[in-house]
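Taking it in order: structure first as structure tokens, then the write-up.
The values are calculated or read from the model by the stated rules, or taken from the named source; none is laboratory data. Since we're looking at a predicted model, the values are computed, not measured. FYI the Cβ positions are ideal-geometry reconstructions off the backbone, even for glycines, and counts take in every protein chain you see. Areas reflect the complete protein model, heavy atoms only, side chains present, ligands, DNA and RNA absent. Shrake-Rupley method; radii C 1.70, N 1.55, O 1.52, S 1.80 Å.
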Amino acid sequence: MRQVPADYRMSALYWQKISVLHDHLQPRYVVNQVTAGNYDCPRKVLKFLTDVHAAFRMLNLRNDFLRKKFDGMKYDLRRVEEVHYDVRIRGLTMKGNSTEKQGNGGRS
């Protein structure tokens, strides 16, 4: 049986914990926060989830637990983007407080 290096196991454990954190920031949480009047939450969560998604894309994922989490993350990210778009289109965010990049083709 092939031995897996300890640093790989620690790295896999780290990414598993990050994916669990991602589960807590699912679109349901964002929708609940917007319903409660926290209109800045979708922007913050979207930025964090976009960064995590970009980090997962750099990994060489095989057909295992992390790959399944990454696949689910793509759909959750899209749902958070939709909530963020809805909040922005309704004018519920503060325009002066935005930290988004300009010139991204209208997408956040």
Complete set of residues in region 74-102 that are modelled with pLDDT under 55 and open to solvent by 80 Å² or more (accessible area, probe 1.4 Å): Gly96, Asn97, Thr99, Lys101, Gln102
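Restricting to region 51-73, count the residues that are assigned to a helix (DSSP H, G or I) and either surrounded by 15 or more Cβ atoms within 10 Å (Cβ to Cβ) or modelled with pLDDT under 85 (or both).
Count: 15.
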